[in-house]
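A.B. asks: Shown below is the structure under consideration.
The values are calculated or read from the model by the stated rules, or taken from the named source; none is laboratory data. Predicted model only: the values in this text are computed from it and were never measured. All Cβ positions, even for glycine, are placed from backbone atoms using ideal geometry, and neighbour counts span all protein chains on display.
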Amino acid sequence: MSLPIMTGTGRLTADPELRFSPSGVAVATMNLAFNARKFDRDRNEWVDGDVFFIRGTLFKQEAENVAESLTKGCEIVVTGRLKTEQWTDRNTGDKRSATSLLIDSIGPSLKYATAKPQKAARASNSAPAADDPWGAANAPQQTEEPPF
């Protein structure tokens, strides 16, 4: 059995928070909001419907990239796995739970914005792999000939 998958377009309600685990792994958490906004023709205005809030989590290099790239208010497209987190409240001893999103992929929505992706620096100093589409090994060769 696997966790349910969610894909949607939403907004960041705050800047992503970047932290590092005791072993040095980057962890980014972010609050996401998804809503059913509709244009009401009778009132000639946009009306917000129900809103679904969820906390998303990313790890490693992607966590660092998101913390550097996205900010509060960004419209994003995200895919991830829904998970139930459980804990005991320190003050009352009550058991608590909340649904969270383990993010597999996230990026800015280009519906109302533009973005210029830039290859992030590698953690190691090794040469780019031949199958890396962003790597220098796959960069177009500069020639005088047209590309067609």
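A.B. asks: Taking the stretch 7-41 as the region of interest, how many residues are farther than 21 Å from Lys72 by Cβ and either surrounded by 13 or more Cβ atoms within 10 Å (Cβ to Cβ) or of a type in the set (Phe, Trp, Tyr) (or both)?
C.D. replies: Number satisfying all stated conditions: 2.
A.B. asks: OK, next. Kindly indicate whether any position in the stretch 14-25 is part of a strand (DSSP E or B), out of contact with any Cys (no Cβ under 7 Å at 6 or more places or on another chain) and touching a residue at least 24 places away in the same chain (Cβ under 8 Å).
C.D. replies: Scanning the stretch 14-25, I find at least one residue that is part of a strand (DSSP E or B), out of contact with any Cys (no Cβ under 7 Å at 6 or more places or on another chain) and touching a residue at least 24 places away in the same chain (Cβ under 8 Å), so the answer is yes.
Per-residue answers, yes or no, for (1) closer than 14 Å to Met6 by Cβ; (2) of a type outside the set (A, V, I, L, M, F, W, C); (3) without any contact (Cβ under 8 Å) to a residue 40 or more places away in the chain:
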| position | (1), (2), (3) |
| --- | --- |
| Arg43 | no, yes, yes |
| Leu58 | no, no, no |
| Glu75 | no, yes, no |
| Gly80 | yes, yes, no |
| Thr84 | yes, yes, yes |
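A.B. asks: Follow-up question, since we're still on this one. Strands (runs of 3 or more DSSP E) wholly in the stretch 42-148 with at least 1 residues that are of a type outside the set (Val, Ile, Thr), at pLDDT 95 or above and surrounded by 14 or more Cβ atoms within 10 Å (Cβ to Cβ) - which ones? Outline the logic, then answer.
C.D. replies: On the way: elements: 45-47, 51-59, 75-88, 95-108.
Counting at least 1 such residues, we get 51-59, 75-88, 95-108.
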